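To start, the structure under review is shown below, and the notes come after it.
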Amino acid sequence: MKPKTLLTISSLLLILLSTFHLAHDMVYGWEPGTLRNVWALPIFVVWLYGTLLLRERLSGYIIMLVGSLLAVVMPILHMSGKGIGVASRVASSNGHFFFVWTLITLGVIGLFALVLSVRGLWKTEWRQPQ
């Protein structure tokens, strides 16, 4: 499979998993389910636009790179809380497997998309003077 196609699929999965993650944060009370969270909508729209409409352009690669960086940071933030970390405390309670699985999957796919984004940005045609 072509790296461009893999990056597009990975980025779409990251967008989907990020929306699940935001919903989990609201359900568990770490984010208030108020209008304050409307800021996420334009972020997801720009990420989706860069993934689908700008996927073979420099700006698309940059948008997907930033999105994959955000996805890699999410599990790090949740797992580096005081003591055993937020994710460990949630995992020890009933019915929260999907939340922790989403964090781990965000990290794995995010790192994969990060590598693919950097690989796409490393093309020689971006670095050639016009």
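Could you give every pair whose Cβ atoms fall below 8 Å, whose first residue belongs to segment 49-67 and is more than 20 Å from GLY110 (Cβ to Cβ), and whose second residue is among the basic types (Lys, Arg), counting only separations of at least 6 or pairs across chains?
GLU56/LYS4
When the residues of segment 29-52 are narrowed to those that are among the hydrophobic types (A, V, I, L, M, F, W, C) and exposed (fewer than 11 other Cβ atoms within 10 Å of the Cβ), which ends up nearest to the chain's Cα centre (by Cα)?
Result: LEU41.
For segment 13-130, which fully contained helices (runs of 4 or more DSSP H) count at least 1 residues that are at negative phi and modelled with pLDDT of 85 or more?
40-52, 58-79, 97-121
The values are calculated or read from the model by the stated rules, or taken from the named source; none is laboratory data. A quick note: this is a predicted structure, and the numbers were derived from the prediction, not measured. Cβ coordinates were reconstructed from backbone atoms using ideal geometry, including for glycine residues, and neighbour counts include every protein chain displayed.
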